[in-house]
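Structure record follows, encoded as structure tokens.
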Amino acid sequence: MAMESQVDFLVMGAGVAGLRAAVELARHGDVLVVTKESLGESNTHYAQGGIAVAMEGDEDVALHFEDTVNAGDGIVYRPAAEALVSEGPVRVAELIEWGTSFDSEGGELLRTREGAHSLPRILHANGDATGAEISRSLVAFAQVHKRVRFAEWTTVTGLVVAEGRVVGADLLGRDNRLERVSARATLVAAGGAGQVYSDTTNPGVATGDGIALAALAGAELADMEFYQFHPTALSLPGVPRFLLSEALRGEGAYLRNDHGERFMERYHPLLELAPRDVVARAITREGIGERPGEMRVVHLDMRHIKGIDLHHRFPGISAFLAKYGLDLDRDLIPVRPAAHYLMGGIRTDLTGRTNLAGLYAAGEAACTGVHGANRLASNSLLEGLVFGARAALSMLADDLPITVAHPPKSVPIPLSPLEEQTLEEQIAKLQAAMWAYAGLLRQESTIHLGFASQEACAEGLARLVKQGKGSRRLSEARAMIHVAHAILHSALARTESRGAHFRNDYPQHDDKRFLKHSIFGREEQVVFEEW
Ligand code: SIN
């Protein structure tokens with residue numbers, strides 16, 4: 001039997017955006033924060049390099065705005081960038097007040113530089129564990145509020161829509177128990193979807209659930225063709241694609257091809273600190289061998305750096321590398337790009353509202369247009385803080401009534417071991433196809449191959465759903481299929497190259513037609529809009 005309950009505010013996701021919103025909402029009502037695993041297992045937790053913020057007054061804020069707009073390759077929605085950089089300092093100051101401890105020396109906050117920033121403005125914590133520190137402190141702060149409740153190991157399997165309004169969600173517990181929660185307002189802050197790709201820096205939970213559920217409920221998606229590939233994830237056979245922070249290059253790391261040559265001067269005047277999309281494509285090109293399928297290794301090199309204790313500055317990275325016998329002081333570190341961050345997502349206005357009443361979105365799951373076609377490094381944690389707070393204020397201002405939704409009639413039937421195995425195989429095929437066909441370099445023919453794989457996976461899933469089967473993994477598979485579908489459609493429709501979206505068959509910008517944002521709606525059509 002399915003259960004039912006009520007809460008004022010439902011928050012899907014316990015990363016920086018969800019937690020920041022929860023803190024705000026708890027001042028006015030009861031909040032339920034739902035997270036698929038234990039608290040802290042989010043993209044936020046794994047953010048290494050830091051949080052970009054202009055703390056030095058108006059001139060500094062104006063420069064941060066300029067850098068954000070320039071990195072976004074022509075389509076940053078300027079009012080969103082304005083909100084991000086101007087509210088950022090207040091939100092970060094608040095975070096410090098609430099217990100986040102950034103690295104400092106003699107009472108001064110330390111700042112590093114990353115790609116496409118005109119000056120060092122990136123705060124960091126415990127060297128290279130900034131996200132973990134923000135997540136730790138926000139969870140602790142939220143836990144003090146008696147009105148915030150956390151549902152860990154719980155998957156949202158559907159949003160409940162009544163009379164055109166989102167009125168709650170279905171939650172599946174670890175024991176496969178289903179609960180329908182009615183809420184006055186629901187926030188999707190469930191992060192990105194790196195797991196759609198076989199190669200990703202994202203943890204296993206990043207399957208795009210929030211984006212897909214919002215779309216299935218009738219929300220519009222925007223800019224789904226813009227998936228950011230982080231240039232430097234560790235590249236060792238059989239080893240997870242561990243993130244090697246852009247801050248390594250901020251502290252002076254070089255990139256070298258397999259001839260030992262620093263190659264970035266052939267691609268951009270900012271060399272290793274060029275915008276992320278440029279560096280990721282340069283590494284990909286340098287990595288392509290002469291024979292089909294042949295891969296050449298590109299390395300990060302810090303051996304020349306003197307005067308910085310690299311193990312102290314990057315303790316997490318050093319410890320991970322040490323497991324594989326690698327040392328930043330001594331060794332060349334093999335790297336390749338990996339899917340990292342979705343610029344697109346659920347279309348929202350600057351207040352976190354979607355096109356569906358009762359449904360709000362913030363953070364990586366949302367698309368305000370703040371990042372345009374390519375996000376500036378370390379703007380994502382700031383985005384979560386600023387737009388998480390903004391979304392919460394809208395949820396409070398809208399003051400919607402509760403509508404009690406009827407509980408679902410049936411409970412899901414668990415998958416058999418064989419069905420689970422088949423599902424995993426289908427997911428792996430989809431992830432590999434997305435990487436090969438809709439990754440850093442795409443073209444019409446490869447995108448069609450991506451569709452073929454996505455449809456095959458969708459058919460397998462439909463058979464299980466028809467039999468009334470349900471599980472967390474099935475729900476994640478449905479989300480990945482849906483997100484892949486939106487990426488493929490949007491990538492096919494944008495017949496130009498811009499930011500993170502590179503079409504081999506249309507390698508140039510087409511400003512006349514595409515200085516716009518793509519919208520993917522219910523009719524599965526992509527339309528382009530100027531914002
Ligand atoms: C990194 O540390 O390189 C990641 C920061 C980001 O994604 O902005």
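Please treat every number below as a calculation from the coordinates, not as lab data. Here the structure is a predicted model, which means the values were calculated and not measured. Every residue, glycine among them, receives a Cβ derived from its backbone with ideal geometry; neighbour counts consider all protein chains shown.
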Any idea what log10 I(q)/I(0) is at q = 0.19, 0.23, 0.27 Å⁻¹ for the stretch 323-367, Debye with uniform C-alpha scatterers and no solvent?
-> -0.64, -0.80, -0.94
Quick one: compute the contact order of the stretch 49-170, relative version, from alpha carbon pairs under 8 angstrom and 6+ residues apart, as a percent.
-> 24 percent
Classify the stretch 245-305 as rounded, prolate or oblate, taking a ≥ b ≥ c as the square roots of the eigenvalues of its Cα gyration tensor: rounded when a/c is under 1.5, otherwise prolate if a/b is larger than b/c and oblate if not.
-> prolate
Farthest toward positive dipole pole in the chain [+1 Lys/Arg, -1 Asp/Glu at C-beta], among G238, L385, F263 = G238
Reachable lysines from K409, criterion Cα separation under 16 angstrom, eight or more residues apart if same chain = K466, K469
Nearest 20 debye, what's the magnitude of the dipole of the chain about its Cα centre given +1 on Lys and Arg Cβ and -1 on Asp and Glu Cβ?
-> 1000 debye
Would you please classify the overall shape of the stretch 486-531 from the alpha carbon gyration tensor, given that a ≥ b ≥ c denote the square roots of the eigenvalues, rounded means a/c under 1.5, and beyond that prolate means a/b larger than b/c while oblate covers the rest?
-> oblate
Using only the Cα atoms of the stretch 345-478, build the gyration tensor, take square roots of its eigenvalues as a ≥ b ≥ c, and label the shape rounded, prolate or oblate: rounded if a/c is under 1.5, else prolate if a/b is larger than b/c, else oblate.
-> oblate
Log entry: pair-distance distribution for the stretch 423-531, C-alpha pairs binned every 5 Å from zero, whole % per bin is 2, 12, 21, 20, 17, 12, 8, 5, 2, 0
Which whole-number percent of Cα pairs in the chain have a distance greater than 38 Å?
-> 22 percent
Using only the Cα atoms, work out Rg/Rh for the stretch 61-163, with Rh taken as the Kirkwood radius, to two decimals.
-> 1.07
Computed Kirkwood radius, in angstrom, where 1/r is averaged over Cα pairs of the stretch 164-219 = 12.9 Å
For the peptides 345-355, 452-462, what is the packing order when you average, over each peptide's residues, the other Cβ atoms within 10 Å and list the highest mean first?
-> 345-355, 452-462
Listing T368, T200 from the residue with the fewest other Cβ atoms within 10 Å to the one with the most, what is the order?
-> T200, T368
Apply the Kirkwood formula to the stretch 282-374: the hydrodynamic radius equals the inverse of the mean of 1/r over all pairs of different alpha-carbon atoms; give it in Å with one decimal.
-> 17.2 Å
Helices from the chain with mean Kyte-Doolittle at least 0.0 and a Cα length along the axis of 18 Å or more, per DSSP H: which?
-> 78-97, 130-144, 380-398, 444-466, 472-493
Length-normalised contact order of the chain, Cα under 8 Å, at least 6 apart, in percent, tallies to 22 percent
